[in-house]
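Before any comments, here is the structure.
What follows is calculated from the coordinates using simple rules that are stated; it is not laboratory data. Everything numeric in this text was worked out from a predicted model, so none of it was measured. Neighbour counts run over all protein chains shown; Cβ positions are idealised from the backbone, glycine included.
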Amino acid sequence: MKFVDEFRAPELIAKAGEEIRKLADSDRHYRIMEVCGGHTHAIYRFGLKDLLPANVELIHGPGCPVCVLPMGRIDDGLSLAAQPEFIFAAFGDMMRVPGTHGSPLEYKARGMDVRIVYSPADALKLARNNPEKHVMFFAIGFETTAPSTALTLVRAKAEGLNNFSVFCNHVTIIPAIRAILDSPDMRLDGFVGPGHVSTVIGCRPYDWIAKAEGKPVVVSGFEPLDILQSIVMLLRQLRRGEAKVENQYTRVVPWEGNRAALRVMAEVFELRPYFEWRGLGFISQSALKIRESYGTWDAEQRFTVPGIRVTDPKAAQCGEVLKGVLKPTQCKLFGRECTPEQPVGALMVSSEGSCAAYYNYEHRKPITIANAATR
Amino acid sequence: MCLAIPGQIVAIDSQNTHLATVDVVGVRRKVDLGLLQDELPVPGDWVLIHVGFAMSKISEADAADQMETLTMLGEAAAAIEEVRGYGLENEIPDYPPQRWKQ
Ligand code: SF4
């Protein structure tokens, strides 16, 4: 019962579970997608599925930045970094993600200058401290991290630090949701909206999901109670035949988002005509590229990028899992060839990837909140 | 990387006013305030930090909640490791964590 005492308000959690059972129409099967990988992690960690009736199914969405990056982009970034006097800097999450010839960490073991940074500002600092080298920051993430990369580029330009560049892989969440809704094999009833992305973009960008697609969206926090409350709010809307955007995470997410962050993003980035996502294929206007006015600091404008495209290993079903069409355990490699210790796909690397979350919590079956609530 | 880490603004850097020292459970590091330039925080305010940048202002109670959430998610240690890893110049030494244990 190790984790049990850490949960806050187990009575409220039990109550929310009850409320969900009451609201869910037994003749209906609900498919609710949690967009954000942070939610996926929380759902597995707390065993929230055990609190839901069988006809309320949670589908894991594409909101794990490391997972959606196609392997070719990693290969591209690493091949650029093979130039002499080059430093490849990236967040720790990237370090174990496999490219065709190994992960950044394995390249490091073979002698490449690979550095973990916790902030793009620190990659810039590396450039400042190593004027004889070129530092390339391998940028990943949704709108949560994109403003920080943008502001770092503004600072690099102001300082005139020309031995610094960004290999930009920033993606935007809305087109990915649209792609999922457009895919014919997917039927969804509503969305648990991402928490931290929404601190930047606010709640308005989800409006079309409610208005045009007729599906409710509830932006949610990350605690067990937050997620369950969001499911209650979604089921209430569905019961009343409504579809609107609601904000459960008001303590952190302002309805309008962060305007200063959006401004700096607009200053530095523009939309790419299209970008490849693992599992979802090419999605138009789904990613950010660096504007020409910041071209000096854009690795893609500055160097020749090979533009490598590789398909995932044949038996690996990362794409299907990412789309929510298959469960992690339905991939033949799950738990055999592919484990967190020896990942084949990125979904097994990141703690936000559904394969890793499923492996760590479901596969090994820890104490769950369901036990706690009924204790 | 997707962690949102609560911290309290301790002091604004006198030379670089877009930088501030924050305190995250006793670990003190510099973060960039540029994404909050529309309503710059002042010492004593609480913020959520993403990858070395203050991203939103929050209340003290919500900051405490957020730290508990990280603890529940098993991510508190990773969050503190991340903050320790922030490399912007620090003149203020760490002191031992007090309020929340890792
Ligand atoms: S188990 Fe591994 S290979 Fe299979 S989908 Fe998950 S990450 Fe991909």
Stretch A:Arg251-A:Val154 to full length: gain in nm at 0.36 nm per residue minus the Cα-Cα span? 32.0 nm
Mean-position separation - Cα centroids, the stretch A:301-325 and the stretch B:1-64, in angstrom: 36
Compute, for the stretch A:287-357, the length of the dipole vector about the Cα centre, with Cβ point charges of +1 (Lys, Arg) and -1 (Asp, Glu) only. Units Debye, rounded to 20. 200
Could you list the trypsin sites (Lys or Arg not before Pro) in the stretch A:219-322 that lie in coil according to DSSP, counting only those with at most 12 other Cβ atoms within 10 Å of their Cβ? A:Arg309, A:Lys314
If each of A:Arg236 and A:Asn55 carries a label point 7 Å out from its Cα toward its Cβ, how far apart are those two points in nm? 2.1
Note the full-extension length gain between A:Glu213 and A:Ala82 as 0.36 nm times their separation in residues minus their Cα-Cα distance, in nm to one decimal. 42.5 nm
Would you work out the charge dipole size for the stretch B:5-87 about its Cα centre, treating the Cβ of every Lys and Arg as +1 and the Cβ of every Asp and Glu as -1, and quote it to the nearest 20 debye? 320
To the nearest 20 debye, chain A has a Cα-centred charge dipole, built from +1 on Lys and Arg Cβ and -1 on Asp and Glu Cβ, of 260
Return a whole-number percent for the relative contact order of chain A, with Cα pairs under 8 Å and 6 or more residues apart as the contact set. 24
Added length on full extension, which subtracts the Cα-Cα distance from 0.36 nm per residue, A:Arg204 to A:Val310: 34.6 nm
Using the Cα centre of chain B as origin and beta-carbon charges of +1 (Lys, Arg) and -1 (Asp, Glu), tell me which of B:Gly7, B:Val27, B:Leu88 is placed farthest towards the positive end of the dipole. B:Val27
Need the C-alpha centroid separation for the stretch A:259-279 versus the stretch A:62-82, integer Å. 17
Describe numerically, in nm with one decimal, the distance between label points set 7 Å from Cα along Cα→Cβ at A:Glu270 and at A:Leu12. 4.7
Run the simple label-point estimate for A:Asp185 and A:Ser293 please: 7 Å along Cα→C-beta, distance reported in nm. 4.4
Would you mind finding the longest exposed-site-free stretch of chain A, with exposed GluC sites (Glu not before Pro) meaning DSSP loop and at most 13 other Cβ atoms within 10 Å? A:133-241
By the 4.7 Å beta carbon criterion, which cysteine residues of chain A come out unpaired? A:Cys36, A:Cys168, A:Cys203, A:Cys318, A:Cys331, A:Cys338, A:Cys355
